[in-house]
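Since the structure comes first, as C-alpha cells, the remarks are kept for the end.
The values are calculated or read from the model by the stated rules, or taken from the named source; none is laboratory data. These figures come from a predicted structure and were not determined experimentally. Reconstructed Cβ throughout: ideal geometry from the backbone, glycine too, with neighbour counts over all protein chains shown.
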Amino acid sequence: MKKITILLILLGFAFGFKYLNSASSKIISPKYHTSEQIEAYQDTLTRAPIAAGQYFLPSSSCRDCHGFDSTQSSSVDEAGNDVNLVDRWESTMMALSSKDPFWKAKVRQEIMINPGHAGDLQNRCLDCHAPLGSYTSKYHGQPFYGLSDLASDTLGKDGVSCAACHAIGPNGLGTGSFYSGNIPYDTNRVEYGPFTSPFVGAMQLYEGLTPVYSPHMDNAKVCSSCHTLVTQTSDLSGAYTGGHFVEQATYHEYVNSSFPGNNISCQSCHMPQINEGIIIASSTAGLTPRSPFNQHTFQGANLFMLNLIKNNKDSLNVYVSNDKFDSTIVATSVMLQQKSIDLDIILDSVTIDTAFYRVKIRNKAGHKFPSGYPSRRAVLQMVITDGTNDTIFRSGIFNNQQRVIGENSSFEPHHAVISQSNKPQIYELIPGDVNGDFTSILERAAVVLKDNRIPPDGFTMASPVYDTTLISADAISDPDFNKTGMTEGSGTDYVIVHAPVTGAVGNLKIRAKMFYQAVPPKWVDQLFAMSAPEIDKFKAMYQGADQRPFLMVSDSIVNIGLTTGISEKLKGEIMVWPTVSVDGKVNIEAQYGDLIREVDVYTTDGKNPIHIINTSYRTQLTLELPPASGVYYLRIRTGYKTYFKKVVRS
C-alpha cells in the first residue's frame, strides 16, 4: 500500500503542472520592478513536462532546479556566492536577443526596403535571435517565422535560452550545412551537457527530457551556427544578384587563430570557469558536485545595448532586476577593459618639429577585434599636449554627437602612418553595395570596402577559412599589420605616428586611448531616415541613451623633451607609396640622409621576379610591379638595415 501511495504522488507531480511550451502559447506579464516582485512573477511560470508534438521548453521550466536556491545547498561556490545558471543568463544579450530593439528596428528596415523578401529575411534573422520559436514553427510545417509570430510565442521571446544551446546536437555541427542559423537541433527530447553520467531521473520525471553527456558542449562548434552568417545580396532595386556577403564569421575567425590549438574555446572566455565543485541542481538530494563549472554570464562587448535595455525594460517587457543587469554590465566592462586588447606607446624620437612614435595594439581575443555585427568598431585616439597643456596634435576625437572628427564621409581607410591631426584610425568592417558605396542595409551588402579589424594571434591568409575572414587591401599593405617582418599571425597592429609639434613649449605628453562603439551614429543614419513602430521606438531610446563610446585601455608618456637629433631607430626609415597601386608604380624613399642600395620584389609564393641593385645609391626610386594584380613583398636594403614592406597591385 505504501508503494502505491508513493507512486500516485509521483504521478501527481508528473502530470499536475500547467503546460507552457506551445509555440503559440502566450504569457501575459504584469510589470514588476523590484527583485521581490520579479521573483513572485517568475514563481507563476510553473515548470511543466513537455507536451505532445513539442520538443523544447522555455527557460522558466529550468528555473526551479537551476535557478536561485533559497536553501543555499546548490548553485553556490565555496565562498557562498550564488552562481546559479538562470539568474546569470537572463540579463545577458543571449537572453535578450529576441527583445533587442536595435535588432528589431533593423529587421523592420530590411523588410521595408525589400518587402518581397520579407519571409526569407525574417527567417534568417529569427533563426538565431529567436531560435526555438523559429525552429518549432518550421518543424510543424510553417514556411516562415517572423516578428508577428514572435510577438505571441513564449519560446521565441525566450531568446537564446537554455534549450537553444543544450538541445543542439553534435552531428554536422561546425560544417557548411549548419551555418547561417541552420542549427542541428536534436528533437529526441534530450538536453546535452558537459558532465559525464548525468542524473536523469528528475529531469525525465518533471520535464519529459533526458540529460545526456556530450563533449561537443565544451567545443566552440556549438556557437558556429549563428556566429557564421552569410546573407544574400540584393541590388538597389531589390533583385537578388546571386552574390553573398559574410555578415559575420566570428567562429571562422576563431578557427583561423592559435586558440583551437591551445585548447581555448569560446566558452573559455565568454563562460568563465570555476574549478571548484558546484552542485548544479536543487530539489534532488545527494548530487555530486561538478567541475569545472562554466558560469552562464555570456559577457561580450555590447555594453551600450545592455544599458539601453536596462533603462527601457518596462517598454521592452523585460522582467529582470537591475542588480542582475548590473552584474552583466560589470562582467562586460571587464571583458572590454582587461580581456580584449593591450595598448602601448613606443617612443622613437622627438625632433624640434616632429614626434616619432608607434602605438602597438595587441588583440587578446580569439577572433577579430571587434567582431560580430558590422556596426561595432574601435577608435584609436591620440593626443599630444605641451608644457602649457596646449593641444598640439590630436586624432580620433569625438564631437558632441559622438562622431569622429575628420572621418571620411564614406569610410575612413586604414592608416599605416598618421602624420596629421584629425586623421583617425578606426578598426571596423565596412560593407559596400553593388555601386561600391557604404551601406548599413545588410541585404544590400555586396563587397567589403574595408576590414582592418585586428586579427587574433595565429591568423593567416593561408587558412582554409580565409575566404570568410578577409582583410581589406589597405590593411594587407600595412607592413606592421598582423605580421612581424614577412611572417603573419602576430595578432597586432603598429600605428606609426609622425606628429608635427612645431611651436610646442616645454616638455610633451603623449596619450593614446582605445574607445569602443557598438552602435555609432553612422550606423543609424540610414535607419532613422525611415519610420515604422520598431524604428521609431528604438530611435527614441537611442536619442535618450548615453551614446558616449566606452574607454577600453590607455597609455601615456610624459615629460618628453624636444631635441634636434634623430633616433638610431629612425635611421634607415623607408617610405613606400602608394601601398595600393592601380598602375603598378610604387615609389620608395629613404629618410634622414640614408640611401637605397638594393630592392627585391617577391610574390606571395616566394618567387623573385624583380631584383634591383641601385648602383647610384639614390634616396628615391620608382619601380613597376609585375603586371599580375595581387600582393607583393618588397625587401629594401639601405645603408642602415633591411626593411620588408607589403604592397598591392589592384
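For (1) assigned to a helix (DSSP H, G or I); (2) farther than 19 Å from PRO58 by Cβ; (3) in contact with a His (Cβ under 9 Å, 6 or more places away or on another chain), each residue gets a yes or a no:
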{"residue": "ILE111", "(1), (2), (3)": "yes, yes, yes"}
{"residue": "PRO143", "(1), (2), (3)": "no, yes, no"}
{"residue": "SER152", "(1), (2), (3)": "no, no, no"}
{"residue": "SER177", "(1), (2), (3)": "yes, yes, no"}
{"residue": "SER180", "(1), (2), (3)": "no, yes, no"}
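Within segment 322-344, does at least one residue satisfy the condition of being over 30 Å from SER224 (Cα atoms) and buried (at least 20 other Cβ atoms within 10 Å of the Cβ)?
no
Run down LEU205, LEU229, LEU209 and say which single residue is crowded, with 20+ Cβ neighbours inside 10 Å and modelled with pLDDT under 95.
Among LEU205, LEU229, LEU209, only LEU209 is crowded, with 20+ Cβ neighbours inside 10 Å and modelled with pLDDT under 95.
Given the residues VAL379, VAL383, VAL359, which is the only one that is touching a Gly at 6+ places or on another chain (Cβ under 8 Å), touching a residue at least 60 places away in the same chain (Cβ under 8 Å) and not hydroxyl-bearing (Ser, Thr, Tyr)?
Going through VAL379, VAL383, VAL359 in turn, just one is touching a Gly at 6+ places or on another chain (Cβ under 8 Å), touching a residue at least 60 places away in the same chain (Cβ under 8 Å) and not hydroxyl-bearing (Ser, Thr, Tyr): VAL379.
Can you find a residue that is in contact with a Pro (Cβ under 9 Å, 6 or more places away or on another chain), modelled with pLDDT of 95 or more and surrounded by fewer than 20 Cβ atoms within 10 Å (Cβ to Cβ) anywhere in segment 252-264?
yes
Which one of these is at pLDDT below 95, out of contact with any Cys (no Cβ under 8 Å at 6 or more places or on another chain), of a type in the set (Lys, Arg) and assigned to a helix (DSSP H, G or I): ARG88, ARG63?
Criteria check complete, one pass: ARG63.
If you go through segment 465-493, how many residues are within 22 Å of the chain's Cα centre (by Cα), in a loop (DSSP other than H, G, I, E, B) and under 19 Å from TRP577 (Cα atoms)?
2
Quick check, is HIS296 over 22 Å from LYS104 (Cα atoms), over 17 Å from the mean Cα position of the chain (by Cα) and at pLDDT 95 or above?
yes
Restricting segment 614-637 to residues that are in a loop (DSSP other than H, G, I, E, B) and more than 21 Å from SER650 (Cβ to Cβ), which is nearest to the chain's Cα centre (by Cα)?
THR619
Looking only at segment 214-260, count how many residues are under 11 Å from TYR179 (Cβ atoms) and in contact with an Asp or Glu (Cβ under 6 Å, 6 or more places away or on another chain).
Of the residues in segment 214-260, 1 are under 11 Å from TYR179 (Cβ atoms) and in contact with an Asp or Glu (Cβ under 6 Å, 6 or more places away or on another chain).
Residues being part of a loop (DSSP other than H, G, I, E, B) and hydroxyl-bearing (Ser, Thr, Tyr): count how many of those fall in segment 183-239.
Qualifying residue count for the region: 8.
With within 30 Å of THR233 (Cβ to Cβ) and among the hydroxyl-bearing types (Ser, Thr, Tyr) as the only criterion, which of SER440, SER395, SER419 stands out?
SER440
Could you tell me which of the residues GLY133, GLY141, GLY169, GLY208 is assigned by TED's automatic domain parsing to the domain that holds LEU96, on the phi > 0 side of the Ramachandran plot and in contact with a helix residue (DSSP H, G or I) (Cβ under 9 Å, 6 or more places away or on another chain)?
Result of the check over GLY133, GLY141, GLY169, GLY208: GLY208.
Assuming ILE384 fulfils every condition listed in (1) in a strand (DSSP E or B); (2) under 24 Å from ALA475 (Cβ atoms); (3) not hydroxyl-bearing (Ser, Thr, Tyr) apart from one, which condition is it?
Going through (1) in a strand (DSSP E or B); (2) under 24 Å from ALA475 (Cβ atoms); (3) not hydroxyl-bearing (Ser, Thr, Tyr) one by one, ILE384 breaks only (2).
Taking the condition exposed (fewer than 15 other Cβ atoms within 10 Å of the Cβ) and either of a type in the set (Gly, Ala, Ser) or under 30 Å from GLU428 (Cα atoms) (or both), does GLY242 pass?
Taking the combined requirement at face value, the residue satisfies it.
Of the conditions (1) of a type in the set (S, T, N, Q); (2) in contact with a Leu (Cβ under 8 Å, 6 or more places away or on another chain); (3) in a loop (DSSP other than H, G, I, E, B), THR288 fails just one. Which one is it?
Evaluating THR288 over (1) of a type in the set (S, T, N, Q); (2) in contact with a Leu (Cβ under 8 Å, 6 or more places away or on another chain); (3) in a loop (DSSP other than H, G, I, E, B) leaves (2) as the failure.
Can you name the residue in segment 591-605 that is touching a strand residue (DSSP E or B) at 6+ places or on another chain (Cβ under 9 Å) and either in a loop (DSSP other than H, G, I, E, B) or aromatic (Phe, Trp, Tyr) (or both) and, of all such residues, is nearest to PHE644 (Cα to Cα)?
Across segment 591-605, the extreme among qualifying residues is TYR602.
Only one residue in SER75, SER60, SER98 is farther than 19 Å from TYR145 by Cβ and surrounded by 24 or more Cβ atoms within 10 Å (Cβ to Cβ), so which one is that?
SER75
For segment 130-146, name all the residues that are in contact (Cβ under 8 Å) with a residue 40 or more places away in the chain and surrounded by fewer than 19 Cβ atoms within 10 Å (Cβ to Cβ).
Hits for segment 130-146 are TYR139, HIS140.
Looking for something buried (at least 20 other Cβ atoms within 10 Å of the Cβ) and in a strand (DSSP E or B) - is there at least one such residue anywhere in segment 517-526?
yes
Inspect all residues belonging to segment 310-317 and state whether any of them is among the basic types (Lys, Arg) and surrounded by 17 or more Cβ atoms within 10 Å (Cβ to Cβ).
Yes, segment 310-317 contains at least one residue that is among the basic types (Lys, Arg) and surrounded by 17 or more Cβ atoms within 10 Å (Cβ to Cβ).
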